[in-house]
Amino acid sequence: MDSDRQIDIRERLRAHAARQLTIARLNAPEDWQGELVSALRAQRATPSFWAPGSDLRLFLESFAIFFVATMMFLI
């Protein structure tokens, strides 16, 4: 194999990107903007008070564990 030989794959990459774009366009729903807006709204929705990712819930659980451990130590 000749080490001075360079392989030009730009055309293959462009063709692959064009195929991927065509596939993505065929798989996209008719109202893709509406789908995107609704997905973003659902993602940005304010989590409830007891949601698993809520900071307040994490604080209360940590405090409960600390409180129980302190009481066990004192007893």
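The values are calculated or read from the model by the stated rules, or taken from the named source; none is laboratory data. These figures come from a predicted structure and were not determined experimentally. Quick reminder, even Gly has a Cβ in these numbers, built from the backbone with ideal geometry, and neighbours come from all protein chains shown.
Here are some notes:
- Gln6 being part of a helix (DSSP H, G or I) and polar (S, T, N, Q): no
- When Glu35, Glu11 are checked against the criterion of being modelled with pLDDT of 85 or more, of a type in the set (Asp, Glu) and surrounded by 10 or more Cβ atoms within 10 Å (Cβ to Cβ), a single residue qualifies: Glu35.
- Those residues of region 10-50 which are among the acidic types (Asp, Glu) and not in a helix (DSSP H, G or I), in sequence order: Glu30, Asp31
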